[in-house]
Amino acid sequence: MDAEFARRVARSEREVRNGVRKQSLNQAQFDAVVSLAYNAGARGSRGTWKLVEKGDMTGAAINIRKMTKTTINGRLVVARGLVSRRAEEAEPFLAPSR
C-alpha cells in the first residue's frame, strides 16, 4: 500500500510541475496543489492551475474552496469532509507572503 501511495503522490507532483510552469510556488502552495491533484486528478485540478499560472492566487483559492461536491446515488451533493480539506488546500494561496 505504501508503494502505491508513493507512486500516486509522485504522479501528482509531476502533473503539478507540468501544469504550473510560469509561477513559482512556495512549499505550502506546491503541497496544496499536489494534494488537490492527488484527490481531484489532473483534469479536476486544471482550472486551479490555470488561475495560478495567471498569478491569480486569490482566484485559485476561491476555485479550490468551491470543489466540495461529489456524486452520490446520481445526485451532486456537498461532501462535508471536502469542505475542511479544500479550506486547508486554499489557505496557502490566501496567505499574505508567498
- [ ] Give the range 1-20 a look and list any residue that's surrounded by fewer than 16 Cβ atoms within 10 Å (Cβ to Cβ), of a type outside the set (D, E, K, R) and either at pLDDT 95 or above or in a helix (DSSP H, G or I) (or both), or say none.
- [x] A3, F5, A6, V9, A10, N18
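Looking at this structure, is R75 over 25 Å from R14 (Cβ atoms), surrounded by fewer than 16 Cβ atoms within 10 Å (Cβ to Cβ), of a type in the set (D, E, K, R) and without any contact (Cβ under 8 Å) to a residue 12 or more places away in the chain? It would help to see each step written out before you state the result.
Numbers: over 25 Å from R14 (Cβ atoms): yes; surrounded by fewer than 16 Cβ atoms within 10 Å (Cβ to Cβ): yes; of a type in the set (D, E, K, R): yes; without any contact (Cβ under 8 Å) to a residue 12 or more places away in the chain: yes.
So R75 passes the test.
One line per residue, one yes/no per condition, for (1) farther than 22 Å from E15 by Cα; (2) under 9 Å from the mean Cα position of the chain (by Cα):
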{"residue": "V33", "(1), (2)": "no, yes"}
{"residue": "A37", "(1), (2)": "no, yes"}
{"residue": "K54", "(1), (2)": "no, no"}
{"residue": "T58", "(1), (2)": "no, no"}
{"residue": "T71", "(1), (2)": "yes, no"}
{"residue": "A79", "(1), (2)": "yes, no"}
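Anything in the range 21-62 that is hydrophobic (A, V, I, L, M, F, W, C), surrounded by 19 or more Cβ atoms within 10 Å (Cβ to Cβ) and closer than 22 Å to F5 by Cα? List them, or say none. Write out each step before concluding.
We begin by selecting, within the range 21-62, every residue hydrophobic (A, V, I, L, M, F, W, C); these are 25, 28, 30, 32-34, 36-37, 40, 42, 49, 51-52, 57, 60-62.
Filter once more, so that each one left must be surrounded by 19 or more Cβ atoms within 10 Å (Cβ to Cβ): 25, 32-34, 36-37, 40, 49, 51-52, 57, 60-61.
Hits for the range 21-62 are A32, V33, V34, L36, A37, A40.
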Open item on the list: Every residue in the range 62-83 that is among the small types (G, A, S) and within 15 Å of A40 (Cβ to Cβ), please.
Closed with: A79, G81
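For the range 26-59, name all the residues that are among the hydrophobic types (A, V, I, L, M, F, W, C) and free of Cβ contacts under 8 Å to residues at least 40 places away in the same chain. Explain how you work it out, then say what you get.
Residues of the range 26-59 that are among the hydrophobic types (A, V, I, L, M, F, W, C), as a first pass: 28, 30, 32-34, 36-37, 40, 42, 49, 51-52, 57.
The answer is F30, V34, A37, A40, A42, W49, L51.
The values are calculated or read from the model by the stated rules, or taken from the named source; none is laboratory data. Owing to the predicted nature of the structure, the values given are computational and were not obtained by experimental measurement. Cβ atoms come from the backbone with ideal geometry, glycine included; neighbour counts cover every protein chain shown.
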